[in-house]
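Structure first, commentary second.
Readers should treat all values here as calculations from the given coordinates under stated rules, not as data from a laboratory. Fair warning: this is a prediction, and the values are worked out from it, not measured in the lab. Here the Cβ positions follow ideal geometry from the backbone for every residue, glycine too, while neighbour counts run over all protein chains shown.
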Amino acid sequence: MSTLTQHPHLLGGPPRSAVSQAARPIRRWLSATRRAAPALAGYAVVRGVSLALFTVWGAWRDTPVWHRMATLWDAAAYLRVAMAGYPTAMPAPDAHGHRYCDLAFFPLYPIAVRAAHAVLPVSPPAAALLVAWAAAGAAAGGIFAVAERLYGHRTGVAAALVWAALPHAFEANLGYTEALFAALTAWTLYAALTERWLCAGALSSAACLTRPTGIALAAAVATAALVRARRAPWCWRALLGAAVAPLGWFGFVGWVGHRLGRWDGYFVVQMAWNSHFDFGASTAEQVLQVLRRPLAQGVDAVAVTVVLLAAVVLFGYCCAARQPTVLVVFSGAMLTITLGDAGAFLSRARFLLPVFPLVFPLAVALGRARSRRTAGLTLGAAALVSAALGLYLTFISTASL
């Protein structure tokens, strides 16, 4: 037998083992995509109900639906940052004495919008929506991945669907940062659960460039990484991941301070938006007002109150169910920041949208339901309620989101 017959790779082709190793990541990606397909398709259908309702409303009322979704409240500020950059100083007081400053808004989402506008033949508002929608899909995939790893495939699919049908889930389809933050959070937590610490640290740092609450995610990653390093002191990847996790937050806060010429510049900007930590005093006052006179407070305040109370109950259940440390720390830190801040009360439900571990108890119950018909009807009803609430808050109510 000739040498070429015994060693066919000498003819110019790579060894079969090398080809197999090169194709392995592709096979893993295809397998993961097939597993996640029901969750992604279900998420698209549930959110599609809202978008279809918005479209019908816009046609009936002759309202520019898509433009409003991309420029509503904070979305307009993100567009300004994306296209014009950040201001160099605090603005002068307006007619009402306010000094709202765009330096309050973290940069990753505006950077993504600007990049999408530069690459795609679309307007800046359309680019903002495309980035948000793509990020929402990535978030649904990450939520599925985390839930599947912890509870199995059916619960993973159910988790993505429940997240899509939350009362304020429509805000992930607006020109806001919640979708991008949720996507980075989901994959950060998945990386931490699978002990890919360098990846978790890098994704957490990116999330910290998306929203100020990214520091909660960094705290969760650092806590889980340090717990891992304590069990294995030579686990340098865990220690490095913990160190990298908050860099995005400190980097932007430090840059704002440098731009304004004072170390606490970012917190001065936040104070101008009436955002400061008061240990939940203002939140408790608002909730009590809603509970005493719900009809006088409006649908928006009632909806936010229900979400906040449900989040607290679900967090207690998650702790009792012994969710992994990284999930519990993230959810607890996010709840503490959201409930303890004195800022806009009506935005609190939106701020909690990325805290998807709180929906896992609901997803487990739905995934284990004996009757698929009952589970489907429950999800369908939740999707319709979410769509109706989204329509009201986006196009009818004058309250800020």
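Shape class of segment 41-396 from the alpha-carbon gyration tensor: rounded, with the ratio a/c of largest to smallest axis under 1.5. Between the C-alpha center of segment 36-109 and that of segment 265-333 there is a gap of 22 Å. In plain terms, the chain from Val306 to Trp57 could stretch by 87.0 nm, reckoned as 0.36 nm per residue minus the Cα-Cα distance. Take the alpha carbon atoms of segment 112-132, find their center, do the same for segment 363-401, and report the distance between the two centers in whole angstrom. Value for the Cα centre distance between the two parts: 29 Å. Here the contact order of the chain, divided by its residue count and restricted to Cα pairs under 8 Å and six or more residues apart, works out to 20 percent. Assuming a ≥ b ≥ c are the square roots of the Cα gyration tensor eigenvalues, decide whether segment 226-281 counts as rounded (a/c under 1.5), prolate (otherwise, with a/b larger than b/c) or oblate. Taking the square roots of the gyration eigenvalues as a ≥ b ≥ c, segment 226-281 is oblate. Let me make sure I get this right: for segment 280-401, a, b and c are the square roots of the gyration tensor eigenvalues over alpha carbons, sorted descending. Under 1.5 in a/c it's rounded, otherwise prolate if a/b > b/c, else oblate. Which is it? Cα axes put segment 280-401 in the oblate bin. On the beta carbon distance between Arg35 and Trp255, with R0 = 45 Å, the FRET formula returns roughly 0.65. The calculated FRET efficiency for Glu195 paired with Val313, based on their beta-carbon distance and R0 = 51 Å, is about 0.95. Available extension along the chain between Arg370 and Ala118 is 85.7 nm, counting 0.36 nm per residue and deducting the alpha carbon span. A simple count of charges around Leu346, restricted to other residues whose Cβ falls under 15 Å of its Cβ and scoring Lys, Arg +1 and Asp, Glu -1, yields -4. Let's test the formula: R0 of 35 Å, r as the Cβ-Cβ distance of Val268 and Ile396. What FRET efficiency results, to the nearest 0.05? Approximately 0.50, to the nearest 0.05. Residues of the chain were split at every exposed loop site, defined as trypsin sites (Lys or Arg not before Pro) in a DSSP loop with at most 13 other C-beta atoms within 10 angstrom, and the longest piece left, sites excluded, is 1-261. Counting neighbouring beta carbons within 10 Å and listing from fewest to most, the residues Thr188, Thr33, Thr378 come out as Thr33, Thr378, Thr188. For segment 168-175, putting each phi into the Karplus relation 6.51 cos²θ - 1.76 cosθ + 1.60 with θ = phi - 60° gives couplings of 9, 5, 4, 6, 6, 9, 8, x Hz, in residue order, rounded to whole numbers and with x for Gly and Pro. This model, with +1 at the C-beta of Lys and Arg and -1 at the C-beta of Asp and Glu, gives segment 30-111 a dipole about its Cα centre of some 380 debye.
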